[in-house]
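The values are calculated or read from the model by the stated rules, or taken from the named source; none is laboratory data. Just so you know, these numbers come straight off a predicted model, no measurement behind them. Note that we place each Cβ from the backbone using ideal geometry, even for glycine, and neighbour counts take in every protein chain shown.
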Amino acid sequence: MKALLTFLLACFTFSAFSQSLTSKNKVATKLYEQANELVTLKQYNEATEALQKATAEDPIFWEAYFLLADLYRVQHKYPLAVKSYKKVIELNPGTEASAYFSLAESELKMGEYAEALTHLKHYSRLSQPNVAKQPLLTKYLNDIQFSLEAVKHPIAFKPKNLGSGVNSAADEYLPVVTADEALLIYTRKLNNNEDFYQSEQKESKWEKATFLSANINTKTFNEGAQSISPDGKYLFFTGCNRPQGLGRCDIYVCHREGNEWSAAFNLGAPVNGKNWESQPTISADGRTLYFVSSRPGGLGGLDIWKSTLQEEGQWSEPENLGPEVNTAFDEESPFIHPDGKTLYYSSKGWPGMGGRDLFFSKADVNEKWQKPVNLGYPVNTFKDEGGLTVSTDGKTAYFSSDQEGGFGLMDIYTFELQPHARPQPVTYVEGKIIDAATNTPVNARIRITELKNAQVIYDDSTDDNGTFLATMPAGLRYAMTVEKEGYLFYSANFSLDKPATADKPLHLSATLKPITSGVSVVLNNIFFDSNKFNLLPESKVELQQLIKFLTENPKTNIEIAGHTDDIGDQQANLTLSTNRAKSVYNYLISNKIPPTRLSFKGYGESKPVADNTLDLGRQKNRRTEAVIVGN
């Protein structure tokens with residue numbers, strides 16, 4: 001049934017009558033027969049012209065009006081289709097029931113919901129819907145019921161055009177922005193060719209857009225349906241009919257290197273195949289790719305799938321998001337928000353306003369997608385809506401529209417997203433890494449891990465300026481490690497349970513010390529209970545980083561040094577610091593680090609690095625360090 005339903009959705013059927021025609025006008029009937037032949041050749045404009053002449057020759061030729069109405073419908077000329085179907089019913093009240101169904105479908109596509117409901121009910125009374133048409137009838141009835149209620153309760157919606165820097169007389173659509181909303185990348189269609197353009201936002205104004213890159217855009221092929229990583233370094237996009245493609249359309253990725261983009265790389269199997277793969281969206285951590293595919297195993301013609309990046313660098317076999325997201329109809333243009341739990345997409349299957357509507361679905365604590373929610377009217381209308389993305393702070397939605405007052409055809413707009421449709425609060429962290437000896441930028445690897453679940457949130461390298469940007473959910477504690485060959489790694493921890501927001505991100509900086517005897521690193525993510533020396537589970541992330549460092553630098557020996565503040569008995573503090581250092585020492589030995597490379601010592605309160613009269617100072621003094629004692 002699915003194959004038949006997909007066919008019904010992809011095509012239109014035309015009314016043709018094999019019995020004797022009611023018209024006795026030979027010119028009109030000849031034109032009607034010519035039109036039927038032109039329809040089989042899909043020459044719809046010529047067929048339409050022939051039927052217009054036929055009805056002019058014989059104004060009561062209802063069969064010609066019927067076929068003409070079908071042609072208007074297939075060309076999305078719904079007002080003309082409605083007029084012609086009504087003419088059919090007027091001329092032949094006993095006409096077949098399908099006229100009422102097609103009339104209702106055309107009215108639905110115009111937003112005339114009450115009229116569509118009347119004619120669908122009339123269709124149901126006249127005819128028992130066949131098995132193939134029943135799902136479509138049910139969908140239309142659901143759409144009408146939803147729409148009649150939605151228009152009674154419109155939501156606040158004030159779209160704002162991004163201006164002449166972004167938009168032009170051509171089509172602009174499918175906008176995506178970086179986490180800091182400093183860079184916008186979108187598709188522009190010129191001379192029937194799609195290319196990427198970019199615009200930078202400065203002082204709340206979008207600058208004049210520029211051609212993205214000759215390494216990505218081509219003169220021969222279309223590029224579109226893109227997704228940019230939150231830090232602006234990776235661009236996933238759709239390329240069609242390329243020589244290296246596996247199917248008609250494949251998903252590609254490229255990397256920004258300085259101010260230029262690398263050549264595009266086909267993701268290959270199993271993401272791409274002989275079917276149609278398109279419209280990728282990448283999660284904030286770069287490990288989950290959502291995309292649209294027509295591959296077998298789905299629920300409809302086009303479904304949303306996902307693939308995860310494996311440790312060895314390969315993408316997993318794609319997994320269908322299932323009936324919680326997909327339907328027997330088409331789902332398209334997914335966008336996964338940086339919170340990793342809110343998916344925005346368009347659907348023809350879930351109850352909507354009659355066309356392709358925008359929805360969002362949220363994943364629960366078990367990572368199961370919940371029933372999608374329609375974004376409401378007038379965000380959604382009887383027209384097709386799609387291609388919506390949402391800012392990191394969850395307040396602003398970007399989309400494209402051909403509404404009046406624009407600069408040309410499709411323009412890019414923003415609007416304030418209603419609170420109920422917003423994602424989980426997310427912020428971003430930006431930082432810079434420098435060499436402690438030379439004070440120059442270092443291209444280093446950054447890894448940020450959520451401490452409670454030891455989940456890696458960000459794992460990438462800085463750019464040539466030593467800077468990085470990472471998005472992550474607010475309300476959690478994180479460990480950050482920075483590593484670079486020839487340097488002692490850097491350790492830090494931070495919490496986003498307080499005021500870091502997308503418009504006021506957390507700024508971090510780190511200095512890397514070359515590996516030389518005497519240098520040390522504070523192990524900021526080693527944790528103990530108050531006045532105890534047993535390692536807490538959250539310490540594992542840091543301990544594994546220390547093990548990794550020692551494994552990669554087999555000639556390096558270290559001392560684990562324990563320190564306390566000056567609160568309490570001096571001897572007790574010395575004993576506590578010694579026991580804490582010994583706990584780390586024992587953990588390293590239990591993980592196959594040779595004891596000959598390790599030592600431990602407690603210093604108690606004897607080596608403060610900050611003022612013990614202040615809480616913050618005492619916190620800094622309570623520390624565990626790794627000191628290079630041989631290399």
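Here is how the numbers come out for the structure above:
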read-out: Verdict on K601 being farther than 30 Å from Q455 by Cα, in contact (Cβ under 8 Å) with a residue 24 or more places away in the chain, of a type in the set (D, E, K, R) and in contact with an Asp or Glu (Cβ under 9 Å, 6 or more places away or on another chain); value: yes
read-out: Selection from segment 351-361 of residues that are more than 17 Å from V151 (Cα to Cα) and without any contact (Cβ under 8 Å) to a residue 60 or more places away in the chain; value: S361
read-out: Residues of segment 362-407 classified as over 24 Å from K189 (Cβ atoms) and of a type outside the set (S, T, N, Q), total; value: 17
read-out: Count of residues meeting criterion [among the hydrophobic types (A, V, I, L, M, F, W, C), in contact with a Lys or Arg (Cβ under 9 Å, 6 or more places away or on another chain) and closer than 30 Å to L358 by Cβ] in segment 419-456; value: 0
read-out: A263 among the hydrophobic types (A, V, I, L, M, F, W, C), farther than 17 Å from N215 by Cα, assigned by TED's automatic domain parsing to the domain that holds D231 and surrounded by fewer than 22 Cβ atoms within 10 Å (Cβ to Cβ); value: no
read-out: Qualifying positions in segment 452-478 - among the aliphatic types (A, V, I, L, M) and out of contact with any Pro (no Cβ under 9 Å at 6 or more places or on another chain); value: V456, L476
read-out: Segment 189-212, residues that are surrounded by fewer than 20 Cβ atoms within 10 Å (Cβ to Cβ) and assigned to a loop (DSSP other than H, G, I, E, B); value: N191, N192, E203, S204, E207, K208
read-out: Those residues of segment 158-177 which are out of contact with any strand residue (DSSP E or B) (no Cβ under 6 Å at 6 or more places or on another chain) and crowded, with 16+ Cβ neighbours inside 10 Å, in sequence order; value: S168
read-out: Search result, residues across segment 114-157 that are among the charged types (D, E, K, R), modelled with pLDDT of 95 or more and not in a helix (DSSP H, G or I); value: K152
read-out: Residue identified as of a type outside the set (F, W, Y) and closer than 30 Å to N142 by Cβ among E257, E312, E332; value: E332
read-out: Filter pass, G349 being more than 19 Å from the chain's Cα centre (by Cα) and not β-branched (V, I, T); value: yes
read-out: Strands (runs of 3 or more DSSP E) (entirely within segment 424-490) containing at least 3 residues that are farther than 24 Å from F528 by Cβ; value: 426-435, 455-461, 467-473
read-out: From the options P419, P372, residue that is without any contact (Cβ under 8 Å) to a residue 40 or more places away in the chain and either under 27 Å from T288 (Cα atoms) or touching an Asp or Glu at 6+ places or on another chain (Cβ under 6 Å) (or both); value: P419
read-out: Matching residues in segment 213-249 - criterion: being farther than 18 Å from I185 by Cβ and loosely packed, with under 15 Cβ neighbours inside 10 Å; value: K219, T220, N241, P243, Q244, R248
read-out: Lone unmet requirement of (1) at pLDDT 95 or above; (2) in contact with a Ser or Thr (Cβ under 7 Å, 6 or more places away or on another chain) for H255; value: (1)
read-out: Cβ-Cβ under 9 Å pairs, at least 6 apart or on other chains, segment 155-175 side free of Cβ contacts under 8 Å to residues at least 24 places away in the same chain and outside the structural domain of Y197 (by TED's automatic domain parsing), far side hydroxyl-bearing (S, T, Y) and part of a strand (DSSP E or B); value: none
read-out: E96 outside the structural domain of D357 (by TED's automatic domain parsing), over 20 Å from S347 (Cα atoms) and charged (D, E, K, R); value: yes
read-out: Members of segment 103-142 that are surrounded by 18 or more Cβ atoms within 10 Å (Cβ to Cβ) and more than 23 Å from R356 (Cβ to Cβ); value: Y123
read-out: Within segment 556-569, considering residues that are out of contact with any strand residue (DSSP E or B) (no Cβ under 8 Å at 6 or more places or on another chain) and charged (D, E, K, R), the one surrounded by the fewest Cβ atoms within 10 Å (Cβ to Cβ); value: D569
